[in-house]
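Colleague: The structure that follows is given in the form of structure tokens.
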Amino acid sequence: MSAQSLPLFHLYGDPPDEQAFDFIHIETIASRSQVHDWLIRAHRHRNLFQILLIERGGGEMIFEAAALDFAAPAAIIVQPNAVHGFRFRAGITDGWVVSFTEDVAKTIGDQSVEALARLRALSAEPVVSLESEQEIRRLSALCGDLYQERFLAREGHRFAMRALMALIAIEAARLAASRARTGSVTLAPADPTLQALQTLVEDHFRGERQIGFYAGRLNMTADRLNDLVKRATGVTAGHLIRQRVLTEAKRELVFTNRAIHDIAYDLGFSDPSHFARVFRKQTGMTPQDFRQGRSN
């Protein structure tokens, strides 16, 4: 574990692009992974949503601080800022990687925006097994069409790409809904206020822990915000904020070699001992024990 900080890319290996807008990209899994010996190391994308379609092979996914096995046929959903990486089965794994900024869906219509909200909920458990040939054929055909539009660049190709991207998102959301009906996936309700809260927390969690700050930014009282979050998720707004801080702490402990006291101060704790107490209360482990347990 030699990295000083968790890599942040636009596409894997490319520098971040904070201004990315109206961006759609598709490539085969093999085209990028084989030049990296089939190992995509843990990283993040600040503003990209990704859908991977695993048509052949499989491997292991790093998702936050966990390791998840996957095998074809499957879809993998990665939302912006989620830590992820892959070790693909060399030479036998292929499929598609679709990457896009979320503003793309907003230019198309409400249906695709709703699909993205469902995908964001689904990405809490990112690997979705595909259970029928029809599912894999439908998504594969849409990805193939998107690939052709991107590289042929014919008249109207930007509009066609947006439309195909919406269809891919909607198709994946249908799979999510199907899994929810069978009980294998639970989809959280899509609520615009909750999504706005999550965006605010993402931007401010290091310095702001008080619910009043977020409620004020959303033009509501703290009590009303708490009630809304509790109805939608079953937990309080304060819990969401604390979980975001805990997630970042785990990322830093697992994926970097930063000193624990530096992590504590960066996350807004008054001192390392306070950080250690909070971390142990939430995980049952000290930060040092958690780091050592994940590096073995």
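A short reminder: the numbers here are calculations on the coordinates, not readings from a lab. Here the structure is a predicted model, which means the values were calculated and not measured. Here Cβ is always computed from backbone atoms with ideal geometry, including for glycine, and neighbour counts include all displayed protein chains.
Colleague: What order do you get for Tyr265, Tyr12 when you list them from fewest to most C-beta neighbours inside 10 Å?
Modeller: Tyr265, Tyr12
Colleague: Still on this model: Rounded to the nearest 0.05, what FRET efficiency do Met285 and Arg217 give with R0 = 35 Å and r taken as the Cβ-Cβ distance? Could you check? Mind showing how you got there, number by number?
Modeller: Working: r = 33 Å, r/R0 = 0.95.
Efficiency, rounded to the nearest 0.05: 0.55.
Colleague: Which three semi-axes in whole Å describe the equivalent ellipsoid of segment 192-295, each the square root of 5 times a Cα gyration tensor eigenvalue, listed largest first?
Modeller: Values: eigenvalues 155, 36, 27 Å².
Output for segment 192-295: semi-axes of 28, 13, 12 Å.
Colleague: Among all helices in the chain defined by DSSP H, which have a length of 24 Å or more along the axis from Cα atoms plus a Kyte-Doolittle mean of at least -1.0?
Modeller: Numbers: long enough: 133-152 (28 Å, -0.51); 157-182 (38 Å, 0.48); 237-255 (27 Å, -0.08).
Within the chain the helices that satisfy the rule are 133-152, 157-182, 237-255.
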